[in-house]
Amino acid sequence: MKYPEYFPLVEFKQKEADLPFEIHPFRWDDESLRAHNALPHRQNFIEIIWVTKGHSTLIVDLQKYEMPANSVYCVTSGQIHQLVGNEHTEGYIYQFTEDFLYMGEHEFDLMYHSGLFQAFSRSAGIVVDSEIAVEMKEITLKMMREADNLYLLRTELMRRYLKIFLIYLTRQLRGTLQTTIQTRNIELVEKFKNMVEAMFKSKKKVADFARGLSVTPNYLNEIVKKITGYPASHHIRQRIVLEAKRQAAYSDVCMKEVAWNLGFSDIAHFSKFFKNSTGTNFSDFKKECLVFASTTPEN
């Protein structure tokens, strides 16, 4: 099964080879933007969408999120998404790799402890207040100027501006996040999540991942639940279900093919797994997806 390939929103004057960061101002009357979002798609980098004017709808893995003016949403690598706006919609799109942002463990911990990306993963986006929006706009314009020149250390400066931009976003979450000093536990959870992302089609048991992390299954479950609120088995199951939903919604493959793609040799086992995890059987879910697609706002 193949998903639509990602292609650039606009021509970007990239003067430094393989620069893993791009920023695009956008208006919904831009034909290339509408063409890019004509179908659900995914890419292998992080994309932050900031709607500064008008209103848009963002569809991420079959969930619809309304994005009024001054709202920000983050689409992570691998998520299938589609942006739908109107003639008044304007904003900015920031695209970057994790390697571009996280150049060292210390800086990774700093951004992780801020709680920003955890908040994005469990919310419908962040609404930015007007004062913070002014500061974010200034930083955005500085990033755009740096992206369009050949001055010394431009990449490093853009990285710093991006982190400042993300810090402003984090400030919008004050009072809603709990910080933690359990750095080792957080690192273990991150390693576990990365392993799940890479191996969920072939590994289904907590013991499989615990063995690769050199810990016991009980310990892994305990730490993952302490940090995320859910045991390790929940994350494994949810990642498998997410991929099953994607294949059901965005392709014409049958349940047998989906089961095979996800490493299930017994179709009855997969059918039961899907029903227990989603509350509906596979064929009914696929029908619901057709209804969902028919109600998607037109570009």
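Conditions tested, residue by residue: (1) at pLDDT 90 or above; (2) among the basic types (Lys, Arg); (3) touching a Cys at 6+ places or on another chain (Cβ under 7 Å).
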position: Glu243; (1), (2), (3): yes, no, no
position: Ser251; (1), (2), (3): no, no, no
position: Lys275; (1), (2), (3): yes, yes, no
position: Cys289; (1), (2), (3): no, no, no
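Of the set (1) free of Cβ contacts under 8 Å to residues at least 24 places away in the same chain; (2) assigned to a helix (DSSP H, G or I); (3) buried (at least 16 other Cβ atoms within 10 Å of the Cβ), all apply to Lys275 but (3). Just one of the listed residues (Glu257, Glu243) is part of a helix (DSSP H, G or I) and within 23 Å of the chain's Cα centre (by Cα), and it is Glu243. Summed over the range 47-79, residues that are surrounded by fewer than 21 Cβ atoms within 10 Å (Cβ to Cβ) and touching a helix residue (DSSP H, G or I) at 6+ places or on another chain (Cβ under 8 Å) total 7. The sole residue among Thr155, Thr180 that is assigned to a helix (DSSP H, G or I), open to solvent by less than 90 Å² (accessible area, probe 1.4 Å) and either among the hydroxyl-bearing types (Ser, Thr, Tyr) or modelled with pLDDT of 85 or more (or both) is Thr155.
Looking at the structure I just gave you, is Ile240 crowded, with 17+ Cβ neighbours inside 10 Å and touching a Phe, Trp or Tyr at 6+ places or on another chain (Cβ under 8 Å)? The answer is yes for Ile240.
The values are calculated or read from the model by the stated rules, or taken from the named source; none is laboratory data. Computed from a predicted model, the values in this text were never measured in an experiment. FYI the Cβ positions are ideal-geometry reconstructions off the backbone, even for glycines, and counts take in every protein chain you see. Accessible surface is based on the protein model in full, side chains and every heavy atom, while ligands, DNA and RNA are left aside. Shrake-Rupley method; radii C 1.70, N 1.55, O 1.52, S 1.80 Å.
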